[in-house]
Structure formats: C-alpha cells, structure tokens
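The values are calculated or read from the model by the stated rules, or taken from the named source; none is laboratory data. The structure presented is a predicted model; accordingly, all values stated were derived computationally and were not measured. A quick note on method: Cβ atoms are made from the backbone with ideal geometry, for glycine too, and the neighbour counts reach across all protein chains shown. Calculation scope for accessible area: heavy atoms of the full protein, side chains included, ligands and nucleic acids excluded. Shrake-Rupley method; radii C 1.70, N 1.55, O 1.52, S 1.80 Å.
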Amino acid sequence: MEIITMKHTPMAARLILAAAAICVGLGTAACTGDAKTADSAAGTTAAGEAKTDKTDPSATDGPVATGAPAPSSVPAAASEPPVVLPALPKGAPKGFPVVSGGKINPVAGSEGSFVVVGEGAEKILRFYREALPKAGYKITADTEKSVDFDGNSTKGTVAIVGDSVSVTFKA
C-alpha cells in the first residue's frame, strides 16, 4: 500500500482536495445542526440574519433570503366547512339549541314546536340533556324518554315519540 504525500501531488490536485475538504466540512456542519459553523461560513448569524459591519452606518441587520416562501405566501391549511344547522320554525325561542344532522319538521297548530328526525331518537334526547343547561335552560324533570325544561322565558318538553323526538313549547 502506497501513502500519497502532498509534495508529489500536482497543484491542481491539491486545490481539488482542499475544495473537497471545505465542502465536506460545510456539509457536515449543516447536516449536524451546527448552526454556528454553517452560518459563519454562509455569512449569517445563528438567527439567520445577515452579518453586518457595525462600523458602517449604511449596514443594516435583516433576514437573509433563503429561497423559502415568505410566511404570507404560504397557503393556509384547509379549514373545516361550517356546520349548517337546520332552521327553527317560526315561534321557536331565539337561540334554542338545535342538533346538527337532524331534520326539523314544524308541528302544525303549535307555534314554534317541532319534531326532529334522522339522528336516532336516543342520541337526540341525549343532545338536549347536555345542550339545554348550556343554553340557559333548567331541566325540571328527566325520565328515560323525556326532559322538561324551563328558562329564557320558555317552558317545554323534549320527548321521544317513536323514531323521532318532539320538542314542544308551553305558554
């Protein structure tokens, strides 16, 4: 095995070896996260700001262009579509809780009362047990199939009727 010494190597080969050593050193510093070494070689501080000559009054500190898009040009993450709740029938109390995903059918001859179908009666009744107190209503009676409530100048009952739930308001 022969050991190559620098004194027998032509000048061009020495330059290539020196350039390769510098590239390996910079690449290693960048890959290992040694920001101080990599940034010093790149002419920036660890915070990514341009090094400036503090004695030159025209020099300013500022971010260095890195090729990354500016924060304002990065598209925002897709947001969830808004939940569209069914409209309450005329005469129902303003702000009365409405279960999402259900279909509301007004009750003929009963101002504001309605029937909710489509989500499973037990699930809808469970929703009202939780939502009524949060909306300012006090539960005055609670059975397996119905809940009576009072609040916001309104009294009423939420009750399972077959596969649907009836919400009735009392004067």
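When the stretch 124-162 is examined, which residues are found to be open to solvent by 70 Å² or more (accessible area, probe 1.4 Å) and touching a Pro at 6+ places or on another chain (Cβ under 8 Å)? Correct list: K134, N152, S153.
Test G112 against the stated conditions and say whether it is on the phi > 0 side of the Ramachandran plot, open to solvent by less than 60 Å² (accessible area, probe 1.4 Å) and modelled with pLDDT of 85 or more. Write out each step before concluding.
Values: on the phi > 0 side of the Ramachandran plot: yes; open to solvent by less than 60 Å² (accessible area, probe 1.4 Å): yes; modelled with pLDDT of 85 or more: yes.
The answer is yes for G112.
For first residues located in the stretch 116-131 and part of a helix (DSSP H, G or I), partners that are among the hydroxyl-bearing types (S, T, Y) and lie 6+ apart or on another chain with Cβ distances below 7 Å form the pairs A121/S164.
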